[in-house]
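The values are calculated or read from the model by the stated rules, or taken from the named source; none is laboratory data. If you're wondering where the values come from, they're calculated on a predicted model, not measured in any experiment. Glycine gets a Cβ as well: all are built from the backbone with ideal geometry, and neighbour counts include every protein chain shown. Remember, those area values only see protein heavy atoms, side chains included, never the ligands or the DNA or RNA. Shrake-Rupley method; radii C 1.70, N 1.55, O 1.52, S 1.80 Å.
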Amino acid sequence: MEKSSGQPLKQPSQQRSRITVQAILEAAIHIFDEFGYAAGTTSRIASRAGVSIGSLYQYFPNKDSILTALAEQHLAEGVALSVRLLETLRTSTQALELVLRDIVGHMISLHESNPGLHRLLYEEGLLPAQLRQTAKQAEQFLIEEVARCLSQRHDVADVADRQMQAYFVVHAIEHFTHRLVIDQAPVEFQLRGKNELVSMLLRYLQA
């Protein structure tokens, strides 16, 4: 029988850990979409990810923690994209219509990247409770920043309540881009819907 060296076991490298975690998260998206959350077991997730169930539990104690990690990642991606789009809104010298078209297009692409996850978190109400406040804070941040950006553009009508204007812009974009993807609208309808949303926002902001 071999003697123990007394040295601690080497932990997986950070890069390998990141790859494993991402594989588990991506597998979970497919499993939850295919089987639903209730039947989307950790065993199925591990199998789809190509890792042992023990390896999965090394990173996630249960599927609730996997869903939380997915939600955190989704929120972070959404905020990062929104910050980039806000900078475009604030600094672009392009016509407002072109800027809005770019923003709406990017938001549709964001939802399209993981429609099953988006449906799970928002349609089925499974956004973890501890992240709901984070989502609300992100939403308020966006409203305040959109209000600031709109006030700096010469091609947006001056209004008494810029915060209210920004509130409707943020929610209109979020709601309709969400619906166009979640409802799995045909490509032709989605394109018409994008054009209609841009037209609606343009009329609202320049009225």
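Data overview
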item: Any hit, region 150-164, residues being among the polar types (S, T, N, Q), modelled with pLDDT of 95 or more and not in a loop (DSSP other than H, G, I, E, B); result: yes
item: Residue within region 52-67 that is β-branched (Val, Ile, Thr), modelled with pLDDT of 95 or more and either touching a strand residue (DSSP E or B) at 6+ places or on another chain (Cβ under 6 Å) or over 25 Å from Gln133 (Cα atoms) (or both) present; result: yes
item: Region 178-207, residues that are without any contact (Cβ under 8 Å) to a residue 40 or more places away in the chain and part of a loop (DSSP other than H, G, I, E, B); result: Asp183, Ala185, Pro186
item: Residue check for Arg203: of a type in the set (Lys, Arg), modelled with pLDDT of 90 or more and open to solvent by 20 Å² or more (accessible area, probe 1.4 Å); result: yes
item: From the options Arg132, Arg148, residue that is under 14 Å from Leu75 (Cα atoms) and open to solvent by 30 Å² or more (accessible area, probe 1.4 Å); result: Arg132
item: Exclusive hit being within 26 Å of Arg192 (Cβ to Cβ) and not hydrophobic (A, V, I, L, M, F, W, C), set Gln73, Gln94; result: Gln94
item: Residue check, Ile182 closer than 20 Å to Ser82 by Cβ, surrounded by 11 or more Cβ atoms within 10 Å (Cβ to Cβ) and in contact with a Phe, Trp or Tyr (Cβ under 7 Å, 6 or more places away or on another chain); result: no
item: Qualifying residues in region 89-98 (those that are touching a helix residue (DSSP H, G or I) at 6+ places or on another chain (Cβ under 6 Å) and within 20 Å of Glu145 (Cβ to Cβ)) - the one surrounded by the fewest Cβ atoms within 10 Å (Cβ to Cβ); result: Ser92
